[in-house]
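Q: Okay, here's the structure, questions in a sec.
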Amino acid sequence: MKHKSSFKVLTFCSALFVVMLAFTIDTSAQITKTLKFCDDNTMYEEFPNNSNGVGEHFFAGTTVPGNKRRGLIKFDALGEFIPQCATIQSVSLTLYMSRTISGPMNVQLRKALQGWGESFSDAPGEEGFGTQAEGGDATWRYTYYNTDSWSTAGGVFASDTSAVASVDQIGFYTWTSPKMAADVQNWLRSPNNNFGWVLIGNEGVTASAKRFDTRENIDTNFVPRLTVTYVNNTLPLNIRMFIEGFWDGLTMVQDTVTVLLRNQTSPYAIVDTEKGIVDNYGNLTVCFDNAAPGTYYIVVKHRNSIETWSKTPEVLNYLLNYYDFSSAANKAYGNNLVLKTGVYCIYSGDVNQDGTVDGTDTQLIDNDSYNFNSGYLATDVNGDNFADGTDASIAGNNADNFVSVVRP
């Protein structure tokens, strides 16, 4: 697959410089960036195992016999070029159409709903028929040749159109709409949902195909461009945290966590609340839309774990904030963390969320276990979708140790 490390290094250096200016930036000012680094590929209907991962062109529309071509384009690592918690104002995609067999035709962008790949396939000639896919390529049949398939051949995409443009003769064309801005906003906040767009031509007629130049095109003036305008008016917070019952020493079961910002002085009023999904490695990013830069206690809450506060109030700004609950017991107020296989975790077992792990919690687990209940349960303390003796053991141990919330 193609390497992207050089872009990451440049972006990281830029980020360091930006952090130094964190308190001098006008957060109401609009910032515009143009991204050129993307993945792109073509799906060929009559050749369901063909692809064009590193070709100079991709296609949308139909051939003279009526066979479909669908393009794919995705701008990776948006959060490395644009702050993950930025508020997107507008988005436009500019492509260069370099060959056509038709007059003006509408070409749609639709949000892709499955991940897909580009590998090293490189179609010959004008590239209109593709070539045998390489491992990891997207094709009409596969999202990643030849291991993962589209749930529907030809790509899976949204039923509604993100944008449409009329494409006629050779030249530059631009797609832009509020829906595209919403797509990018979603991908920025939830990078795991970024599967890009499917480019769909007029498939109701024959000979409608349009050829567009890709990122790999020899003339860099013609490569795709995504122009994004945004403002930095949201507080980002990157947290590293582990949940005792959900952590097995290697990976953690992903789950939703609520993060609160509270004032640093009594009565510690809640200033903002956001939810996010902590990943298998204990990482969580949330974006606070209603809090201004300032000093706050960071509080994490989980469906069956003990509410846990940061050791001290933390200074947060609009650009980069990070807090690690896992590195030491004293990263939580009152050292209220438990060491488990190398990392400090928030305590599990507060099934009824009353701030204490006790007999009431174990009784709830026992009841669900007795009834063989399964699914997304508060009584599922280890995240395996079953309430059973393992969950009761975790809660029982913490009940015996009088585990409860520790607050200022």
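Read-outs: derived from the displayed coordinates by stated rules, not from any lab. Treat the numbers as computed from the prediction; the structure is a model and nothing was measured. Heads up, the Cβs are rebuilt from the backbone with ideal geometry, glycines too, and the neighbour counts pull from every protein chain shown.
Q: What list of ³J(HN,Hα) values in whole Hz, one per residue of region 40-48 in order, does the Karplus curve 6.51 cos²θ - 1.76 cosθ + 1.60 (θ = phi - 60°) give from phi, with Gly and Pro shown as x?
A: 8, 6, 10, 9, 10, 4, 7, 10, x
Q: Going by how many other beta carbons lie within 10 Å of each one, how would you line up 275, 301, fewest first?
A: So the residues, fewest neighbours to most, are 275, 301.
Q: Charges on Cβ only, +1 for Lys and Arg, -1 for Asp and Glu, centred on the Cα centroid of region 145-278; of 161, 237, 258, which one is farthest towards the dipole's positive end?
A: Result: 237, furthest along the dipole toward the positive end.
Q: May I pose another question? To the nearest 20 debye, what is the magnitude of the charge dipole of the chain about its Cα centre, counting +1 on the Cβ of each Lys and Arg and -1 on the Cβ of each Asp and Glu?
A: 1260 debye
Q: Taking only C-alpha pairs under 8 Å that are 6+ residues apart, what is the relative contact order of region 280-408 in percent?
A: 22 percent
Q: Any idea how far apart residue 206 and residue 114 come out in nm if each label point goes 7 Å out from Cα toward Cβ?
A: 2.9 nm
Q: Charges at C-beta only: +1 for Lys and Arg, -1 for Asp and Glu. How large is the resulting dipole of region 235-400 about its Cα centre, in Debye rounded to 20?
A: So the dipole magnitude of region 235-400 works out to roughly 700 debye.
Q: What percent does the relative contact order of the chain come to when contacts are Cα pairs within less than 8 Å and at least six residues apart?
A: RCO, the chain: 16 percent.
Q: While we're on this one: Assuming R0 = 60 Å, what is the FRET efficiency of residue 159 and residue 335, from their Cβ-Cβ distance, to the nearest 0.05?
A: 0.70
Q: Further, regarding this structure: How high is the relative contact order of region 174-236, given as a whole-number percent (alpha carbon pairs under 8 Å, six or more residues apart)?
A: 13 percent
Q: Could you work out how far helix 389-400 tilts from the main Cα principal axis of the chain, as a 0 to 90 degree angle to the nearest 10?
A: Once rounded, one gets 40 degrees.
Q: Sticking with the crude label model, points 7 Å out along Cα→Cβ, report the distance from residue 99 to residue 168 in nm, one decimal please.
A: 2.3 nm
Q: Please give the FRET efficiency for residue 64 paired with residue 372, using the beta carbon to beta carbon distance and R0 = 51 Å, rounded to the nearest 0.05.
A: Result of the calculation: an efficiency of 0.25.
Q: Shifting gears a bit: Quote the FRET efficiency, to the nearest 0.05, computed for residue 354 versus residue 289 with a Förster distance R0 of 30 Å and r equal to the Cβ-Cβ distance.
A: 0.55
Q: Right, here's the next one. In whole angstrom, how far apart do the alpha carbon centroids of region 181-254 and region 81-101 sit?
A: About 11 Å separates the Cα centre of region 181-254 from the one of region 81-101.
Q: A further question on this structure: Using 0.36 nm per residue, how much length does the chain from residue 324 to residue 106 gain when fully extended, once their Cα-Cα distance is taken away?
A: Result: 73.5 nm gained on full extension.
Q: Write down the percent of antiparallel bridges among all DSSP beta bridges whose residues are both part of region 235-400, to the nearest 5.
A: 90 percent
Q: Ignoring chymotrypsin sites (Phe, Trp or Tyr not before Pro) that are buried or in helix or strand per DSSP, and keeping those with at most 14 other beta carbon atoms within 10 Å, what is the longest stretch of the chain between them?
A: Between the exposed loop sites, the longest stretch runs 121-280.
Q: Just report the Cα centroid separation between region 305-323 and region 106-125, whole Å.
A: Result: 40 Å between the Cα centres.
Q: Towards the positive end of the charge dipole of the chain, with charges on Cβ (+1 Lys, Arg; -1 Asp, Glu), say which of 288, 123, 228 has the farthest Cα.
A: 228
Q: Name the residue farthest towards the positive end of the dipole of region 29-169 from the options 47, 32, 65, assuming +1 on Cβ of Lys and Arg, -1 on Cβ of Asp and Glu, about the Cα centre.
A: Farthest along the dipole direction, towards plus: 32.
Q: For 218, 270, 239, what's the fewest-to-most ordering of other Cβ within 10 Å of each Cβ?
A: Starting with the residue having the fewest Cβ neighbours, the order is 218, 270, 239.
Q: Cut-off 17 Å, label point 7 angstrom out along Cα-to-Cβ of residue 193: give me the residues of region 250-273 whose amide nitrogen falls inside.
A: 255-258
Q: Is there a pair in 311/340; 36/311; 33/275 whose C-alpha atoms are over 31 Å apart, and which pairs would that be?
A: 36/311
Q: What distance in nm separates the simple spin-label points at residue 390 and residue 90, each placed 7 Å from Cα in the Cβ direction?
A: Computed distance between label sites residue 390 and residue 90 equals 5.3 nm.
Q: Excluding residue 62 itself, calculate the net charge of residues whose Cβ lies under 15 Å from the Cβ of residue 62, where each Lys or Arg counts +1 and each Asp or Glu counts -1.
A: Every neighbour counted, the sum reads +3.
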